[in-house]
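Notes follow once the structure below has been shown.
Nothing in this text is a laboratory measurement; each read-out follows from the coordinates by a stated rule. Not measured: the values here are computed from a predicted model. Virtual Cβ from ideal backbone geometry, glycine too; neighbours counted across all protein chains shown.
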Amino acid sequence: MSHSGASDNPYRYTGQQFDALTGLYSLRARYYDPALGRFLSRDPAEPLLTLPRALNRYVYVADNPLNAADPSGRQAFTEYSLITEEDEESAADFYVIGAISLGLLPEGDFALFAAGLPLGMRIALLVVTLASVAGPAIAPEAYLSPQSQTPSTSPIATPTPSDMNRVTLYRAIGPAELSEVLTTGTYGYSPSGGGKYFAYTYEGAVRFAKSPFNANVEMTITSIDIPSEFLSRGYTFNDVGGAGWSIHFSDIVLPELYHVMSPIRILGSP
Amino acid sequence: MTFDEFYKLFQGELQKAIKNAEERLHKTLSPEVKIVLHGAGHFGDLMDTLTAAKELYIGEDRFYRIIDLAVIKVSKKETTIFVRASSHRPGTFDQTWNNPPGSGPFKQLIPKEIIVEKEEDLMS
């Protein structure tokens, strides 16, 4: 991003303002030094953990200046997202557009396909493309083919040689927890220490998601596989009016759960 | 809802949980109740009913949205009840689970297993 040749135009690379006195570009949130090829301060935006290049919070657009711009001085993805609390839907579209601009997603019909997906799936689409660059923190196949998932209808799925002694559990999550899943690959921890419930069946998770209690929340169904012996670490209950047979893992057990569980699969809207 | 009203509602729901367990075990359970509290800043901490109620009560018009209950262990001396406050943003009484109506945040769960300690000592 360094500049050679004389110019009085203070607006240069990607239209950003260049300060001839300091030799720095002002990108609003922070200054970029073209001589050093880096920002002078850390990116104020939280990095995407699935993109290791973004963890270096001094580099410009994850070292991909040919395909991305960062006019705010914050992360390229954040900039593309134009995210605001009032406009999460269009933000998700811009996330996908940003990913296309970075060369992480193909253009054309695929972009149109992506734009037609629900909010959760569009965000998921971005993360899976990031995972394809950085290495999957979450099972990629889970994002792109929700219809291909075959939910279990029995409390304990019939094991095959490859998943012997593994149990599939399902969890309905809201937007905040979906964000947690996409950024950390786990369900996180409840702020009040209440632990997490998982339904033994897909139908149970859907029933809870569709209950009047969640009427105004965009829910997403997810699933994980865990070793069957790990079931002994939680309490199993029948939530008759809600998710049916479910298991509760306390917050104290969750770190172990996150260690032994499969990558979280996102099955889509209930 | 005042704390006293909330406490009374909580005690009523605890009694429902005990009754459910008694019918299942065909035993009369000890009225001495210990709460294993998850949520509301606790991680499975043991406490008495009044202490748990104080932890679960937020205010006159603010409630944990779901508070699950189930008897999980019984002995001659005491009955242990699992209580778990959800992590949803607290809301008004109408925003709680409230099924059946009037139960507010409290939701009865049926445990897969009730641990019975020293079964021969239980009152029949």
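Could you work out the mean count of beta carbons from other protein chains within 10 Å of each residue's beta carbon in B:86-98?
Averaged over the peptide's residues, the number is 3.
Does region A:147-268 come out rounded, prolate or oblate, given a ≥ b ≥ c as the square roots of the eigenvalues of its C-alpha gyration tensor, rounded meaning a/c under 1.5 and, failing that, prolate meaning a/b above b/c?
Cα axes put region A:147-268 in the rounded bin.
Amide H of A:VAL167: which non-local residues (sequence gap of 5 or more, or other chain) have their own amide H closer than 5 Å, using H built in the peptide plane?
For A:VAL167, whose amide H was placed from the backbone, the distant partners under 5 Å are A:ILE226, A:SER228.
Could you work out the relative contact order of region A:147-268? I mean the mean sequence separation of Cα pairs under 8 Å and 6+ apart, divided by the number of residues, in percent.
In percent, rounded to a whole number, it is 32.
May I have the count of lysine pairs in region B:28-124 with C-alpha atoms under 13 Å apart, counting pairs 8 or more residues apart or located on different chains? All intermediate terms of the calculation are to be shown ahead of the outcome.
Details: B:LYS34/B:LYS73; B:LYS34/B:LYS76; B:LYS34/B:LYS77; B:LYS73/B:LYS112; B:LYS73/B:LYS118; B:LYS76/B:LYS118; B:LYS77/B:LYS118.
Qualifying lysine pairs in region B:28-124: 7.
For region B:1-121, what mean projected area does the convex hull of the alpha carbons give, in nm²?
Across all orientations, region B:1-121 yields a mean hull projection of 7.0 nm².
Could you list the GluC sites (Glu not before Pro) in region B:15-124 that lie in coil according to DSSP, counting only those with at most 11 other Cβ atoms within 10 Å of their Cβ?
For GluC sites (Glu not before Pro) across region B:15-124 that sit outside H, G, I, E and B with at most 11 neighbouring Cβ atoms in 10 Å, the list reads B:GLU113.
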